[in-house]
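Trainee: After the structure tokens below, expect a handful of questions from me.
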Amino acid sequence: MPNKNFYITTPIYYPSGKPHMGHAYSSIVADIFARFKRLDDFNVFFLTGTDEHGLKMQREAEKNSKEVKIFCDELSSKFKDLTKILNLTNDDFIRTTEKRHFKSVLDIWNRLEKSKDIYLSKYKGWYSVSDEAYYDEDEIEIKNNNKISKVSGSKVEWVEEESYFFKLSSWEDKLLKFYNDNPSFILPSSRRNEVIEFVKKGLKDLSVSRTSFSWGIPVPSNSKHLIYVWLDALTNYLSALNFPNTSDQKYKKFWPASIHIIGKDILRFHAIYWPAFLMAAKIPLPKRVYGHGWILSDDKKMSKSLGNILDPIEIINNFGVDQLRYYLSKEVSLGNDGNISLKNLTNCINNDLANNYGNLCQRVFAYINKNCNSKIPSCNKLEEDDKKLNNQIIESLSELRSLMDNQELNQYLKKVINFSFNANKYFNDQKPWSLKEKNPERMSTILYVILNQIRSISVLLNPIIPKATEKVLSILSVGKTDMTIDSLKDTKILKVGTILKKSDILFKKIENDN
Ligand code: MSP
């Protein structure tokens, strides 16, 4: 019996400002995989949340003259609101300021102390508050009189303080062996190579506590120290499963995680530190870490100073949530950086959603409403062209599953939208309107076959554009139990004689004034 449990996570976001497109992107992508797995009959647990400790959050609160917990509460709730706005199906929303999380971080810390992977010494080196990361001398450069990290471009400051260290150096060989034994632990493979090269160059022990500020989880045996925010944050993936209670049902069912979806900028933490912490704490490792690329605007990383930020909420208000979800999945190849613009968004909505899928549904429904008393017509003898159309999806199911299992989202999408293109072509070529008088039986069959295509395409698109596809499936009276990937093998699910429900327009065409 294959393991039908699937645990997927997004990064937990710093609620240091309002959510932006990068946050929306990680979340939408994770939601799409979660939804697909549910349609494929998996028990899914999908987690997102906010990362609230550390100097970055403390300083941000001070800048806003707010007490830090109040500041976190306010901004974290904006991220929680975003889950609704993006139509995410997360099963939980974790905050690192919650009690359940403290418990699990303290347990991890105690395990690391017990295994003698932690020792007290002094840290002397560079730190980026914006990344909450330590950098080596050779990772620093000077730009406009500022010392910045070559890796992220963010400012670094000099830190000299007593600190606990995690013996990362002693995990080097075990990490390399792990990457070797588990070739799909880090995806895409270009990222895997980067990580392996980095580890091969040699790992230094990692400072895992700070003493110069107050906002975080204190080290249990020495409250002068706060646990390093990344050790704190990464543990969220366990906290949500009620760790340290390892006999808890949730933990037993869902750990190790199937996949952590993250941006490439936080790969080091997830692909090196996290597995090393877990190995040292004797906890099984997640199965995969997928580092997606950056969303660029006008070929540049979005930033306040460049003024090129595309606000997800504004786009959703103007164009719709399905439209944004579709556009990001289609235009950006998941593993790579991808440029987005309002002009491309408009073209994508018009070409794929309004003219292709939307038009397919609308014209077929309109035809049936007008010519068949709004009833699903009967399916009579199938001809070669009908079988060919039916088979285009049935024969692709295993490929579609494997595309989703390998996170090849935009390949998946291209395939599905091509089915819709073929279905439109079939409708044009078969000309059911020319058969109304001379061969109504054949006309019915054509309409039934095409309705079944609409059903199948809608199920396949459902993880990406849930709102519109749910509307279409409800027009066809397809219930939740028939909304599965497996059901697509059955071409006779639609009930003949069922009245098509009324609905408004699916996708409005957008006037392009560029
Ligand atoms: N708090 C840490 C994550 C801890 S996970 C245990 C963090 N938070 S973040 O808010 O700065 O970023 C969260 C995610 O947003 C990262 O995966 C990051 O890659 C993603 N993005 C931020 N800007 C982005 C783009 N412009 N494009 C795509 N994603 C980017 O890091």
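The values are calculated or read from the model by the stated rules, or taken from the named source; none is laboratory data. These numbers come from a predicted model, not from an experiment. All Cβ positions, glycine included, derive from the backbone under ideal geometry; neighbour counts span all protein chains shown. Ligands, DNA and RNA are stripped out before the accessible areas are found, and what is left, the full protein with its side chains, is counted by its heavy atoms. Shrake-Rupley method; radii C 1.70, N 1.55, O 1.52, S 1.80 Å.
Trainee: How far, in degrees from 0 to 90, does helix 384-394 lean away from the longest principal axis of the Cα atoms of the chain, to the nearest 10?
Mentor: The helix 384-394 is inclined about 20 degrees to the chain.
Trainee: Quick query: amide H of residue 296 versus all other amide H atoms, modeled in the peptide plane; which residues come in under 5 Å with a sequence gap of 5 or more or a different chain?
Mentor: 338, 339, 340
Trainee: Further question on the same structure: Could the peptides 483-493, 313-323 be put in order, highest first, of the mean number of other beta-carbon atoms found within 10 Å of their residues?
Mentor: Those peptides, ordered most packed to least, come out 313-323, 483-493.
Trainee: What do you get for the angle between helix 189-200 and the principal long axis of the chain? Use alpha-carbon atoms, 0 to 90 degrees, nearest ten.
Mentor: 10 degrees
Trainee: Rounded, prolate or oblate: which fits the stretch 5-292 when a ≥ b ≥ c are the square roots of the eigenvalues of the alpha-carbon gyration tensor, with rounded for a/c under 1.5 and prolate only if a/b beats b/c?
Mentor: It comes out rounded by the Cα gyration axes.
Trainee: For the stretch 185-293, what proportion of DSSP beta bridges, expressed in % and rounded to the nearest 5, is antiparallel?
Mentor: 40 percent
Trainee: Shape call for the stretch 329-414 from the C-alpha gyration tensor, a ≥ b ≥ c root eigenvalues: rounded (a/c under 1.5), prolate (a/b greater than b/c) or oblate?
Mentor: oblate
Trainee: Please give me the summed charge of the neighbours of residue 246: other residues whose Cβ is under 14 Å from its Cβ, Lys and Arg +1, Asp and Glu -1.
Mentor: +4
Trainee: Keeping all protein chains in place, calculate the accessible area per residue for the stretch 5-292 (probe 1.4 angstrom), answer in Å².
Mentor: Spelled out: the 1.4 Å probe surface of the stretch 5-292, per residue, equals 40 Å².
Trainee: For the stretch 341-489, what relative contact order do you get, as a whole percent, if you take Cα pairs closer than 8 Å and at least 6 residues apart?
Mentor: Rounded, it is 29 percent for the stretch 341-489.
Trainee: May I ask you to list the aspartates and glutamates whose Cα is less than 18 Å away from that of residue 343, ignoring any residue fewer than eight positions away on the same chain?
Mentor: Residue 343 reaches 298, 299, 311, 314, 322, 331, 352, 511, 513.
Trainee: Then there is this: Under the rule of at least 5 residues apart or a separate chain, name every residue whose amide H is placed under 5 Å from the amide H of residue 309.
Mentor: Sorted by chain and number, the residues that satisfy this are 303.
Trainee: Tell me the angle of helix 440-461 to the major Cα principal axis of the chain, expressed in degrees between 0 and 90 and rounded to the nearest ten.
Mentor: 0 degrees
Trainee: Now a separate question. Among the DSSP beta bridges whose two residues both lie in the chain, what percent are antiparallel, rounded to the nearest 5?
Mentor: 55 percent
Trainee: Moving on. Could you pull out the pairs from 330/509; 431/502; 122/253; 252/414; 147/264; 66/150 whose alpha carbons sit more than 29 Å apart here?
Mentor: Cα-Cα > 29 Å for 122/253; 252/414; 66/150; rest within.
Trainee: So what is the relative contact order for the chain, in percent, with contacts set as C-alpha pairs under 8 Å and at least six apart?
Mentor: Computed over the chain, the figure is 15 percent.
Trainee: Can you pull the percent of the chain's accessible area that's carbon plus sulfur, 1.4 Å probe, other chains left in place?
Mentor: Percent of accessible area from carbon and sulfur atoms in the chain: 48.
Trainee: I would also like to ask the following. Let me know the shape class of the stretch 142-201, please: from the alpha-carbon gyration tensor, a ≥ b ≥ c as square roots of the eigenvalues, rounded when a/c is under 1.5, otherwise prolate if a/b is greater than b/c, or oblate.
Mentor: It is oblate, given that a/c is not under 1.5 and a/b is not larger than b/c.
Trainee: Roll a 1.4 Å probe over the protein chains and send me the accessible area per residue for the stretch 341-489 in Å².
Mentor: 41 Å²
Trainee: Here's a follow-up. Please work out the Cα center distance from the stretch 219-274 to the stretch 34-64, rounded to the nearest Å.
Mentor: 12 Å
Trainee: Let me ask something additional. What dipole magnitude, in Debye to the nearest 20, does the chain give about its Cα centre under +1 on Lys/Arg Cβ and -1 on Asp/Glu Cβ?
Mentor: 1240 debye
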